[in-house]
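We did not get these values from a lab; they are worked out from the coordinates using the rules stated. Note that this is a predicted model, so its numbers are computed, not measured. Cβ sites come from the backbone with ideal geometry, for glycine too, and all protein chains shown count toward neighbours.
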Amino acid sequence: MPPALAAAQTDEPPTGIGEKSAHAFRTISEVAEELDVPQHVLRFWETRFGQIRPVKRAGGRRYYRPQDVELVAGIRHLLHVQRYTIAGAQRVLKENGVRFVQAVGRGEAVAAEPLIQEVETEAGARSVTLGASDRASLAEALEELRACRALLDGLREMPDLEA
């Protein structure tokens, strides 16, 4: 057993039969299941976030320390819940540090909402930029939808004539 794994063992008994101590190392499959993220996504995040460094044994088998799991949970929260881009999550890590993102993963801290420019950049990468005439057409369609909604709200307020 490598020294890093031996150092992680504690005298605490597991919380239940078949359950690991909170201080135990986790395999990639255990982390993937716990965080509801596919294993290949965890491996991809390792390439994008240099701060994720699980212990690797011979053959490349990964063992995540508790702090690694907290970091991955924080990154998952930034990407999947708060809808940050990878670049945005990297910026949060750089500006606030690993401990802050780990606290986000534990639910003890909350990152600011992504910058509007970042959201526009992400949307722009998937679609064509709208011109002035497109914006005008969309504004007109929105007004028509609001008028339809007002008509429907009026119909709901009408008394039932059959009663």
Qualifying GluC sites (Glu not before Pro) for segment 18-58 [loop in DSSP, other Cβ within 10 Å: at most 13]: E19
From phi via Karplus (6.51, -1.76, 1.60), per-residue ³J(HN,Hα) for segment 62-67 in Hz, x at Gly/Pro: 8, 10, 8, 6, x, 5
Contour minus Cα-Cα distance for Q82 and K94 (0.36 nm per residue): 2.6 nm
Phi-based couplings in Hz for segment 97-114 (Karplus 6.51, -1.76, 1.60; Gly and Pro marked x): x, 5, 4, 5, 5, 4, 5, 4, x, 7, x, 9, 9, 10, 7, 4, 5, x
